[in-house]
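Visitor: Before we start, here is the structure in question, set down as structure tokens.
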Amino acid sequence: MPLYEHVFIARQDLSNAQAEGLIEHFGAILADNGGKVVEHEYWGVKTMAFKINKNRKGHYAFLRTDAPAPAVQEMERLMRLHEDVMRVLTVKVEAHEEGPSAQMQKREERGERGERRERR
């Protein structure tokens, strides 16, 4: 089955437990349609670069899934209809990376960024 990574932003006025409950809810939707959540991460409340629906902050969540395309489409459809979810991003990947995502790693663990190029 295809592999996907999803990030969604939920409203800031939810509690942490409610935001993590959304992860479980959408994971259950995938399971009902023949997919599964391989791994999930709750990134916490973060400040956004711009306002979305008059909100400056949001609960960020990350899902790694192994699901058929119709299951992912159904989950995305229900995410977009859910009143607590503000934004959704889904990316199809060749393989899931091992370990935590870059958001969850400490700055020292991420590795060097490389040298900057000279500007002309």
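Rule-based calculations on the coordinates, nothing more; no lab input. The model shown is predicted, which means the values in this text are computed figures rather than measured ones. Please note: Cβ atoms are built from the backbone with ideal geometry, for glycine as well, and neighbour counts cover all protein chains shown.
Visitor: Summing Lys, Arg as +1 and Asp, Glu as -1, what charge do residues with Cβ under 12 Å from the Cβ of E39 carry, E39 excluded?
Guide: Taking every other residue near E39 into account, the sum is -3.
Visitor: Next question. Using a simple charge model, +1 on the beta-carbon of Lys and Arg, -1 on the beta-carbon of Asp and Glu, nothing else, what dipole does the stretch 49-92 show about its Cα centre, in debye to the nearest 20?
Guide: Once rounded to the nearest 20, the dipole reads 360 debye.
Visitor: In debye, nearest 20, what is the charge dipole magnitude of the chain about its Cα centre with +1 on Lys and Arg Cβ and -1 on Asp and Glu Cβ, if you could check?
Guide: I would put it at about 940 debye.
Visitor: If a/c stays under 1.5 just call it rounded; otherwise compare a/b with b/c (prolate if a/b is bigger, oblate if not). Do that for the chain, with a ≥ b ≥ c from the square roots of the Cα gyration tensor eigenvalues. Show your work: numbers first, answer last.
Guide: Details: a/c = 1.89, a/b = 1.26, b/c = 1.49.
It comes out oblate by the Cα gyration axes.
Visitor: Counting only C-alpha contacts under 8 Å and six or more residues apart, can you give the relative contact order of the stretch 3-93 as a whole percent?
Guide: Result for the stretch 3-93 is 46 percent.
Visitor: Using a cut-off of 16 Å between alpha-carbon atoms, which aspartates and glutamates can reach K54, once sequence neighbours fewer than 8 places away in the same chain are excluded?
Guide: Here the aspartates and glutamates satisfying the reach criterion relative to K54 are D13, E83, D84.
Visitor: Helix 16-32 sits at what angle to the longest principal axis of the chain, using alpha carbons and giving 0 to 90 degrees rounded to 10?
Guide: That works out to roughly 60 degrees.
Visitor: So how much slack lies between K46 and Q73, counting 0.36 nm per residue of separation and subtracting their Cα-Cα distance, in nm?
Guide: 7.1 nm
Visitor: Angle check, please: helix 69-81 long axis (alpha carbons) against the longest principal axis of the chain (alpha carbons), in degrees 0 to 90, nearest 10.
Guide: Between helix and principal axis, roughly 90 degrees.
Visitor: Which of the lysines could a cross-linker bridge to K36, judged by Cα under 25 Å and excluding same-chain residues fewer than eight apart?
Guide: Of all the lysines, those that pass the test against K36 - Cα under 25 Å, at least 8 places apart if same chain - are K92.
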